[in-house]
Amino acid sequence: DGGITQSPKYLFRKEGQNVTLSCEQNLNHDAMYWYRQDPGQGLRLIYYSQIVNDFQKGDIAEGYSVSREKKESFPLTVTSAQKNPTAFYLCASSISVKETQYFGPGTRLLVL
Amino acid sequence: QKEVEQNSGPLSVPEGAIASLNCTYSDRVSQSFFWYRQYSGKSPELIMSIYSNGDKEDGRFTAQLNKASQYVSLLIRDSQPSDSATYLCAVIGATNKLIFGTGTLLAVQP
């Protein structure tokens, strides 16, 4: 089945800890994205990648880092510099940046 | 002014009625418009995309776009309780980034 997978479904972070969220797609899409969703707010773009080995900051990149070493994979690291990491994290992909985006199932990050 | 604005609702309609969801956007050069449905605790799923003025129909869903008024809407005919969800309007503008509204919560009453 073609699609986007995210893992884990739930993730708990201790203070001062870096955690990495996984996103994999087998749709052969060039572009991939990370969004954060907080209650009562729309999705906000953290980082996006138009092509392998390239990525750009979105609107709220501070405290996050990404890599794009393979077309299929776009992991997001939430660093200890992100002081309010509790949110629903959504990964998406599209054929290119101007095309329709499709979302993975999401990872809910909670702080212990 | 927010880039993409939606009434947060809740919009309550009886089963079988037409639900009308509205969205306005601020970037006049926007070319691509999307409606996503998001059930509580789940990720958004694409309902419709629309790129040119007028109506686009897909089953019980109709998207309407008016670029002159910077307005896009989604009509859901014969609303069902399973349509109860948050509907997100999203627009790709001059920056080529997808900008989301905060969503309208739809509640279909049996």
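What to note about this one:
- Euclidean distance of C-alpha centroids, region A:36-99 and region B:82-110, integer Å: 20
- Positive dipole terminus of chain B, leading residue within B:Ala94, B:Ala63, B:Ala107 (C-beta point charges): B:Ala94
- Net charge dipole, region B:55-110: roughly 220 debye, given to the nearest 20, about the Cα centre with Cβ charges of +1 for Lys and Arg and -1 for Asp and Glu.
- Remark: relative contact order (region B:1-48) = 31 percent; criterion is Cα-Cα distance under 8 angstrom and separation of 6 or more residues.
- Percentage relative contact order, chain A, counting C-alpha pairs under 8 Å, at least six apart: 35
- About the centre of its Cα atoms, chain A shows a dipole size close to 300 debye [charges on the beta carbon of Lys, Arg (+1) and Asp, Glu (-1) only; nearest 20 debye].
- All aspartates and glutamates inside 16 Å of A:Lys98 as judged from Cα atoms, apart from same-chain residues fewer than 8 positions distant: A:Asp30, B:Asp27
- If the convex hull is drawn through the Cα atoms of chain A, its volume per residue in Å³: 95
- Chain B: relative contact order as a whole-number percent, Cα under 8 Å and 6+ apart: 38
- Test item: Cα-centred dipole of chain B, Lys/Arg +1 and Asp/Glu -1 on Cβ, debye: 240
Since every read-out is calculated from the coordinates, none of them should be taken as a lab result. All of these numbers come straight from a predicted model, not from anything done at the bench. Glycine gets a Cβ as well: all are built from the backbone with ideal geometry, and neighbour counts include every protein chain shown.
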